[in-house]
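First comes the structure, then the notes that go with it.
Taken together, the values in this text are just the output of simple stated rules run on the coordinates, not laboratory data. Everything numeric in this text was worked out from a predicted model, so none of it was measured. For neighbour counting, all protein chains shown are included, and Cβ atoms are generated from backbone atoms with ideal geometry for every residue, glycine included.
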Ligand SMILES: *Cc1c(COP(=O)(O)O)cnc(C)c1O
């Protein structure tokens, strides 16, 4: 009997190298066939296991220690989320399955949308966007669709403290960006906002609490101004970790908010993913939400494309489903009261840390903070030590550094977010490390400038590393 291609190629295999096989000549054009033997690394299983284990030990994660990266909400992620998101009924579901075979997944998506609507106090929700920034882009497109018959509205107002993705996503969606100043308290400068409100404004994009970790207390006045000039209110909801169960974006007058499921609602993230950036909207924007939408008729779930004013699809298939399962699990386990405690504890932890650190660093805004706060390294700069030097020194103390040089409006900024999942002891240990570094900056600046000392590599050229990726195997 004629051998199958597979059997032919198997019989030609020897050792770890694959010879050039006749069958390849028969199937592929000569010019496409490998001329030299493939050199695969010859290595035992034991060696490869040790190699990857050693690499894993070089990594830093929230399970190793406090991860105070401001704005990123690097909280501890409950293991139960990994269990539910790995259930075979979810992982083995093909994205092209018939809806009648995907009822459980659709039910989870539908219920998650309902929960997010309740948390944000808004009327519509899409789970499609794959990141916060993608949610921004989606939300700004919804605002564009709302103003489709008002071609003058080409401006999105954005405070100067905003995250860089805000102007980026507005620009990609075709808008011009006008920056609104912050006042000396770190909040929106109302006079400046007033002077920029006109009939060309499509919307105002505000982060609340803002990127300085401060609650925008003038939100009612801001909302009146923006809606008064015909614009819509967009909330960057990346800081929702401070608000759950306390304040709802809908009640603050926002028409649109993106949530970062991977920040506020757990999911280990960083290094580029995975993420999910659902967008919740007020009545004004519901008809423009992306399709397909998960709908419920009686007890049956379906995907509907029947929304003629929709902006269309913004993501392959239905979004980042694994992150949705984790967020759903997280919300269901904590419940309303639990989520409120999360936010309260995030705020308490940040204020505790701030109170321990404020006398050792410059404090640009001496206010009670929400879930994060900004220090300035200006005082240490006088000894020639930059914020970057201190961040690098923190690695020697065994910590990931906070966010640095953001927000842009604070000199030598350190943006610290401890999250609710840290104990008093771990907050104290972290504070001790930062205080020790602040003292070293004065007494031994060269030590700080020459750090890190204890990491496998010293300072890397980040820009070069990003542009010349080298992730090949080398023995
Ligand atoms: C993280 C973050 C974003 C962007 O979210 P991604 O999920 O990283 O795309 C936008 N704004 C703020 C304030 C953030 O912290």
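For a modelled paramagnetic label at residue 179, 7 Å from Cα along Cα-to-Cβ, no residue of the range 204-236 is in reach, as no backbone nitrogen comes under 11 Å. The Cα atoms of the range 53-178 give a gyration tensor whose axes a ≥ b ≥ c have a/c of 1.5 or more with a/b no greater than b/c, which makes the shape oblate.
Kirkwood radius for the range 273-343, taken over all pairs of different Cα atoms as the inverse mean of 1/r, rounds to 14.4 Å. As a rough guide to protection, the peptides 164-170, 387-393 ranked by mean Cβ packing within 10 Å, highest first, stand as 387-393, 164-170.
Quick check: Cα centre of the range 300-356 to Cα centre of the range 169-245, how many Å? Result: 22 Å between the Cα centres. Where does the Debye-calculated log10 I(q)/I(0) of the range 384-453 sit at q = 0.25 Å⁻¹, using only Cα point scatterers of equal weight, no solvent? Listed by q, the Debye log ratios stand at -1.16. Could you work out how far the C-alpha centroid of the range 64-89 sits from that of the range 114-132, in angstrom? That distance is 20 Å. Sorting 69-75, 49-55, 125-131 by average packing, meaning the other beta carbons within 10 Å per residue, from highest down gives 125-131, 69-75, 49-55. Rounded if a/c is under 1.5, else prolate if a/b beats b/c, else oblate: with a ≥ b ≥ c from the C-alpha gyration tensor eigenvalues square-rooted, which is the chain? Verdict is oblate for the chain.
For every helix of n ≥ 4 consecutive DSSP H residues, a contribution of -39,500 (n - 2.57) applies; sum these over the chain, divide by its total residues, and give [θ] at 222 nm rounded to the nearest 500 deg cm²/dmol. Counting only the DSSP helices, I get -11500 deg cm²/dmol.
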